[in-house]
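Q: Structure in structure tokens, see below.
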Amino acid sequence: MRILLISDIHFESPKCLDRHSDPDWYYRNQLVYELSGRVAELGTFDAILIGGDIAFKGVAEEYAEALRWIDELVAACGCERSQVFVIPGNHDIDRNRIRRSAAVRNAQGAVLASPQGRRSREFNDQWTSPDTGRHLTESLEAYNEFAKLFGCQIYAPDRLMWRQDIDLTDGVKLRIHGMTSALFCAAGVMQNREERPGDLYLDASQYVLAREPDVANLVFCHHPPNWFSDHREFEDAVNGRAAIQVFGHEHRRRHFPLPTSIRFACPAVTPPKSEQNWQPGFTVLELDVRGVGTDRMLHVEAEIMVWQENPDCYRPVRMENGTDRHVQDIPLPARRYPAPRPVAQAIAPGTVAPPADDPVQVEAAMGNPNVRHLIERFWRLPGSMRREISLELKLILSDEVSLPEPERYGRALLRAAERKQLSALDAAMAAKEAVHG
């Protein structure tokens, strides 16, 4: 499996709206050009992970331009939009929404002002409350409209983060845990105070990472651990339970091998030119499963590419061993007891297989390529058709009709999976597509 890791693209309006006058456009275009050449030589990508700061001010026009570029990137990588996964960063927050809303500031402040030992309880009280939960995601409204196209939107109280499975080989799945670290960014916006390392809060409910047989966990989070007030607990959890950790935000191209994990700090696609040690870049992961039984390993090869000028090109970062690739084998959780034989279920040709019954497994199984393609098709339908289909299949309740679309239809799609109605949804969409094109 080949995965592209990119982060911190920083589409900033109004300058990003005119490619011919945007200085950052050159580097984004060069990345597309570089990857198209790599695909011609080595083959296509299986997934693209975009680690936050897609926008700069968190407004709709920035995401419209970002989506246009992502479609070009996807074409260059030889994959589809349904193979893209996104998380929010601090620049995906619309800070003006926080300035205008005392309710948002109060919800953030109530959590951050709580003593460390009571902060999790306060967060859960705020997040699950019908009155305050939505305030915590209000500044991510434009991001959510963008992220819904990739099945990666967040909303209170049901979806603080997302999980998606991608099949590797030999029955092993890569489970991506897309975390939301930006909820408390801009909490000091009224004092013109930028967040600093240690200021942010990431609730422990986001890093409950079960070690399951034949599952390799990948933690995907914009902010590195040192930005969290509870960073020790976070690191203890992910270091012991995640095979791969991917972070952005600091624009640093680093990798940190650990005994049972590897951590990547992603370089920025377009860091600010004023930044010391300015160096755009990206990372390519090659994943494979090697060995048998309890000796199976996740084989990881990583190539970190950075920009150089005169001549303009990307070059690989030389590793400690003198090569251009970091190579590491990470133990995989193995099944140590006989597994019950599953009961076969007949699935009609062309339909989507139902995922498991457990809520976590249901959501994770929606990483299946067929399901993600179905989600992409769903969002391409006109809004009236999405509504008709969801009501016809009873996937939304009467009191949910007025919810924001990312939440309304995010719930509908998860419900379709839980109720094993994905095939019915597929058929209803196909009928609409056949009539309306």
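Q: Mind checking which lysines have their C-alpha under 27 Å from K420, skipping anything on the same chain fewer than 8 residues away?
A: The reachable lysines, counting only those whose Cα sits under 27 Å from K420, are K148, K173, K394, K432.
Q: While we're looking at this one, here's another question. Which ³J(HN,Hα) values, rounded to whole Hz and listed in residue order, are derived for the stretch 167-173 from phi using the Karplus coefficients 6.51, -1.76 and 1.60 in 6.51 cos²θ - 1.76 cosθ + 1.60 with θ = phi - 60°, glycine and proline given as x?
A: Taking θ as phi minus 60°, the curve returns 6, 8, 9, 6, x, 9, 10 Hz for the stretch 167-173.
Q: I've got another one for you. What does the C-alpha gyration tensor say about the overall shape of the stretch 96-169? Classify as rounded when a/c is under 1.5, otherwise prolate if a/b is larger than b/c, or oblate.
A: In terms of gyration-tensor shape, oblate.
Q: Here's something else I'd like to know. Given the -39500 (n - 2.57) contribution per DSSP H run of 4+ residues, what per-residue ellipticity at 222 nm results for the chain, rounded to the nearest 500 deg cm²/dmol?
A: -9500 deg cm²/dmol
Q: Looking at the chain, send over the antiparallel percent of its DSSP beta bridges, to the nearest 5.
A: For the chain, the DSSP antiparallel bridge percentage is about 60.
Q: Follow-up. Apply the Karplus curve 6.51 cos²θ - 1.76 cosθ + 1.60, θ = phi - 60°, to the phi angles in the stretch 89-99 and return the couplings in whole Hz, x for Gly and Pro.
A: x, 5, 7, 8, 7, 8, 5, 5, 5, 6, 4
Q: Same structure again: How are the alpha carbon pair distances in the stretch 368-435 distributed across 5 Å bins from zero to the largest one, expressed in percent?
A: Reading upward from the zero bin: 4, 17, 34, 28, 14, 4, 0.
Q: Enumerate the amide H contacts of L258 below 5 Å, restricted to partners 5 or more residues apart or on another chain; note that Pro and chain-start residues carry no placed amide H.
A: R263
Q: Quick one: grab the alpha carbon gyration tensor of the stretch 165-245, order the square roots of its eigenvalues as a ≥ b ≥ c, and give me rounded if a/c is under 1.5, else prolate or oblate depending on whether a/b is larger than b/c.
A: It is prolate, given that a/c is not under 1.5 and a/b is the larger ratio.
Q: Mind putting together the pair-distance distribution for the chain? All Cα pairs, 20 Å bins, whole percent per bin, short to long.
A: Pairs per bin, as whole percents: 25, 59, 16, 0.
Q: Let me ask something additional. Using θ = phi - 60° and the Karplus curve 6.51 cos²θ - 1.76 cosθ + 1.60, what whole-Hz ³J(HN,Hα) does each residue of the stretch 28-38 get, with Gly and Pro shown as x?
A: Rounded to whole hertz, the list is 5, 5, 5, 5, 4, 4, 4, 6, 5, x, 5.
Q: Under a GNM of the chain (C-alpha, springs under 10 Å), which listed residue has the highest mean-square fluctuation: I50, I375, I396?
A: Result for the chain, Cα springs under 10 Å: I396 fluctuates most.
None of the figures in this text is laboratory data; all of them are computed from the coordinates on show. Fair warning: this is a prediction, and the values are worked out from it, not measured in the lab.
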